[in-house]
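Working notes, structure below.
The values are calculated or read from the model by the stated rules, or taken from the named source; none is laboratory data. Treat the numbers as computed from the prediction; the structure is a model and nothing was measured. Cβ atoms come from the backbone with ideal geometry, glycine included; neighbour counts cover every protein chain shown. Each accessible area value is taken on the protein alone, full model and side chains, heavy atoms only, with ligands, DNA and RNA left out. Shrake-Rupley method; radii C 1.70, N 1.55, O 1.52, S 1.80 Å.
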Amino acid sequence: MRGTGESLPTALARILNPDPVVRAAATDNALREVTHQNTIYEATVPVALYVAAILNHPAIAADDFGHDADMPPHRPTLVRLLKWLSDTAYDADDECAAIGERHFGKGFLDEYGEMREFRDLRPAIFSAVHPLLSHDNADVRDAALVAAIPLAEHPVLTAHRVELVGHARRLLATSTDRYNRDRVLDAMKARGHGTSDLENADDIAARERYARLRAERDSWWAADGTGGYSEDPPF
């Protein structure tokens, strides 16, 4: 955890404040305490369980979607919380676990108890996220889907994966958010689903750009970082 963590309980409690400004600041402050360089901290699991428990709390939904039209647009607290759960779930997903095992051996998760504990609790967190896949607000539905995808890697959630494909197709038919589209497309491809009929011109351009950047990065590393680039490698 970053800092001493002394302010974390207070910040977490303030996430339920009826004032949306206080709530937004408290959300950012609390989650920042347990978010740093893709690390799962000891406090990450209890914070994740707390966040999952308050997703349907009346204070979270009170005025996030009915704010004054004269006010500037803002990201609802519910979307912020789902985004944090999503980021944390990806930091503990099967790919991250596999990378850890390649670098540190098969006992990686035994040594990294915080990640193992989070991974074990994925079904409980998924059960809180799942109802939001049918939320009235599209931003919430999309954020819930992106969070649900890595959580559903848990073996006991296998039956939900077919359902998530349907939600993924809906997102790809309606959303223009680059991050969400990339996450969903990557997940569908990883699970063997064809995506050619779901990709638009922006998706293709983004895929080609990512491939070019990876090739440039690999070339830079192959030259031991001395490949004659005038700028830092693209990562």
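Taking region 123-148 only, how many residues are open to solvent by 10 Å² or more (accessible area, probe 1.4 Å) and either within 15 Å of K83 (Cβ to Cβ) or part of a helix (DSSP H, G or I) (or both)? The qualifying residues number 15. The residues in region 13-64 that are of a type in the set (K, R), touching a helix residue (DSSP H, G or I) at 6+ places or on another chain (Cβ under 7 Å) and under 22 Å from D139 (Cβ atoms) can be counted, and the count is 1. When region 150-182 is limited to residues that are part of a helix (DSSP H, G or I) and in contact (Cβ under 8 Å) with a residue 40 or more places away in the chain, the one that is farthest from I125 (Cα to Cα) turns out to be P150. For region 192-209, the count of residues that are at pLDDT 95 or above, open to solvent by 40 Å² or more (accessible area, probe 1.4 Å), closer than 17 Å to D94 by Cβ and not aliphatic (A, V, I, L, M) is zero.
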